[in-house]
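Please read the structure below before turning to the comments.
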Amino acid sequence: MLYSVIYYALIVSIVALSYVLLLIYILKHWRSSSPSPEIDKENISISIIIPVRNEAENIAACLQSILHNEEIEEINPQIIVVDDHSTDDTLQIVRALNSKYISALELKDVMLGQGVNAYKKMAINYGHSKASGSYIIQLDGDVTVGKNYLRTIKAFIEKNAGDFIAAPVVISEHDSFLARFQGLDMAGLMALTNSGIDTGHW
């Protein structure tokens, strides 16, 4: 019995120490920064790729949140929705918006019997092949953005440039233990992602 307790305590101590070291590693690289390269601020263009499958309940809110952004006419984003074999009204909802900023593509048009396991990745790649922006944003169909989202992204690019920008995601608030746990889990993943990018281990 005593050996079992000692063994258990040892395992717990190792896990706890590993977790603390991981947090120190994350915080160290979270605070680090790299010099910003020079960019052509006059010719920044933005494409937004949104791969979707059966997002009829969410896609209208997603796209409307982008379309309601301030300065959208000045920024003139290219919004590419790639439908990944939806069986609901997702594609019809996208097309019904009839916006000059939005184009709807269907993944089935480029598959042609290919053996594919990662459909979402292929949808992103397909959207990427049609994107003309100097910077490309990838969103999911159940995401909504604030009215200053595009302006904030553009201002960040002008100040920091870079070849790749990773931005945080905020989970909608729900008063439940699971939702709060998911929020903490997402925050941890974003911190780990940031550290991985800064160190090149991503």
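The values are calculated or read from the model by the stated rules, or taken from the named source; none is laboratory data. On a predicted model such as this, the values are computed, not experimentally measured, just so you know. What goes into the accessible areas is simple: the full protein's heavy atoms, side chains included, and nothing from ligands, DNA or RNA. Shrake-Rupley method; radii C 1.70, N 1.55, O 1.52, S 1.80 Å.
Some notes on this structure:
- Computed from Cα atoms alone, the Kirkwood hydrodynamic radius reported for segment 59-101 is 11.3 Å.
- Solvent exposure ordering (accessible area, 1.4 Å, most first) of Ile66, Ile153: Ile153, Ile66
- If you sort Lys130, Lys121 by accessible surface, 1.4 Å probe, largest first, the order is Lys121, Lys130.
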